[in-house]
Amino acid sequence: MIGRKQSYHGISLGALAVGGHKARRDPFRDNLMEVRHAMPCDSYRGQGQDESDEGYVTRLIDDMEAQIRNAGEDRVAGVIIEPIVGAALGCMPPVSGYLQAVRDLCDRYDLLLIFDEIMCGMGRSGTYYHAWQHENVAPDILLTGKGMAAGHFPISGMLINREIYHVMESVGGFNHGQTFENYPLACAAALAVLNIIDEQKLLKNTSEMGELLMKRLKAEILPLPHVGHVRGGGLFLGLEFVKDKLLKESFGAADEISLSIARLGLDEFNIQFYPCGRSNGKDGDYLIIAPAFNIDEDHVEIIVSRLKALLTAFFSDFKAIR
Ligand SMILES: Cc1ncc(COP(=O)(O)O)c(C=O)c1O
């Protein structure tokens, strides 16, 4: 398999191996199968200041192709990526043209393309159910979970195309089972959630409220000291904190910036954000903002004003401590 650095696909040994989250992989390093990890598509830290999207995509695809060739193209089965990287890169969307270029590369080498949309899918990225639909680049296998039943019930799924289905069928199906697979209650919860999303036109809302939230974050939060970047799509938005905005220098790991901000948010500002980062073992203090699909304009303002007060309070105290 070819995965990417700074990505996460789960804790089972196979999923952990294809992921490129250094801190989470390290304790299990000796037990993981061989996987090559290509460079992530990170427009904030990876793309040169004067580099075009096209030039950056070419550079990333060259790197991915080198990983395939180094592994030996006959030995590689597929490529797995998160179209919008969640916890490992703080809601980093792909630059325009990247997903199509990965698709083309997979087609050229006859590799399966797997999109992990466990975090970014099921409407979270706005407008469509699947994040790949923004670029109209379909995978061969789609992994979905989390938002599938809006978190009210555990359910996840793997969607495969017809070709894979027929191959599986020709070998007698998948000779494994799990205790809770095809669990009717979970499926009923997912169906209910999908119906509500359709009936209440929540995909439209995730897109409209996402645009508004992004606009308000750019106006109110991005100018604050130590907020280096705001990114994402729909209601799947991320902030990256830096010590120095110009140099994009990260805080030290011991400062536990994101975690401390998230704790303060819960303790004193009555708001919850998801802290994450340092997936390459050194950079990245991220906070994910992922509100419910049915928020309205007032909620957007509550999020922005509390976040602003939280960050202002946190960084003024943080400076005083140092
Ligand atoms: C993108 C992504 N893929 C896969 C997983 C793993 O899902 P699970 O923990 O349900 O196995 C997660 C989160 O845990 C995730 O964020």
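Things worth noting here:
- Chymotrypsin sites (Phe, Trp or Tyr not before Pro), loop per DSSP, at most 14 other Cβ atoms within 10 Å - longest free stretch of the chain: 1-173
- Residue among S43, A87, A101 farthest towards the positive dipole end of the range 1-110, charges placed on Cβ: A87
- Accessible surface, per residue, of the chain when the full set of protein chains is kept, probe 1.4 Å, Å²: 51 Å²
- Residue-by-residue Karplus 3J(HN,Hα) for the range 309-315, coefficients 6.51, -1.76, 1.60, Hz, glycine and proline x: 5, 4, 5, 5, 5, 4, 6
- Nonlocal amide H pairs with I271, under 5 Å, H built at 1.01 Å: L266
- Residue-by-residue Karplus 3J(HN,Hα) for the range 71-87, coefficients 6.51, -1.76, 1.60, Hz, glycine and proline x: 6, x, 4, 6, 9, 9, 9, x, 10, 10, 9, 8, x, 10, 6, x, 4
- Gyration tensor verdict on the range 176-254 (Cα atoms; rounded if a/c is under 1.5, prolate if a/b is larger than b/c, oblate otherwise): oblate
- Spin-label pair S96-A23: with each label point 7 Å from Cα along the Cα-Cβ axis, the two points sit 3.4 nm from one another.
- Put simply, the amide H of G228, placed in the peptide plane, has neighbours under 5 Å in E240, F241, V242, leaving out anything fewer than 5 places away on its chain.
- Solution diffusion estimate, µm²/s, Stokes-Einstein, the range 193-322, Kirkwood Rh from C-alpha pairs, 20 °C, viscosity 1.002 mPa s: 140 µm²/s
- Rounded to whole numbers, the Karplus 3J(HN,Hα) couplings from phi for the range 123-133 are x, 4, 8, x, 6, 10, 5, 10, 5, 5, 5 Hz, using 6.51 cos²θ - 1.76 cosθ + 1.60 with θ = phi - 60°, and x at Gly and Pro.
- Gyration tensor verdict on the range 11-143 (Cα atoms; rounded if a/c is under 1.5, prolate if a/b is larger than b/c, oblate otherwise): rounded
- Magnitude of the charge dipole for the chain, about its Cα centre and with charges confined to Cβ atoms of Lys, Arg (+1) and Asp, Glu (-1), is about 740 debye.
- Between E54 and D198, the simple spin-label model (points 7 angstrom out along Cα→Cβ) gives 4.1 nm.
- Computed about its Cα centre, the charge dipole of the range 201-247 is approximately 100 debye, with only Lys, Arg, Asp and Glu carrying charge at their Cβ.
- For the chain, the spread of Cα positions along the three principal axes, ordered from largest to smallest, is 64, 46, 37 Å.
- Among the protein heavy atoms of the chain, carbon and sulfur supply 53% of the accessible surface, probe 1.4 Å, non-protein parts ignored.
- Overall form of the range 87-182 per C-alpha gyration tensor (a/c, 1.5; a/b vs b/c): oblate
- Candidate lysines for bridging to K218, where Cα separation is under 28 Å - those fewer than 8 sequence places away on the same chain excluded: K5, K146, K201, K204, K243, K245, K248, K282, K308, K319
- Simple label model, 7 Å out from Cα along Cβ direction - E268 to N161, nm: 5.3 nm
- Assigned charges on the beta-carbon of Lys, Arg, Asp, Glu; the range 64-171 dipole about Cα centre (debye): 320 debye
- Taking amide H positions as modeled 1.01 Å from N, with prolines and chain starts lacking one, the residues under 5 Å from R4 and 5 or more places away or on another chain are G20, A38.
- The distance separating the Cα centre of the range 105-165 from that of the range 186-204 comes to 17 Å.
- Dipole of the chain [Lys/Arg +1, Asp/Glu -1 at C-beta], most positive-end residue of Y286, G20, A254: A254
The values are calculated or read from the model by the stated rules, or taken from the named source; none is laboratory data. Bear in mind that the values here come from a model prediction, so they are computed numbers and not experimental data. With ideal geometry, Cβ positions are generated from the backbone for all residues, glycine too; neighbour counts draw on all protein chains shown. Please note that ligands, DNA and RNA were not included when accessible areas were found on the heavy atoms of the full protein model with its side chains. Shrake-Rupley method; radii C 1.70, N 1.55, O 1.52, S 1.80 Å.
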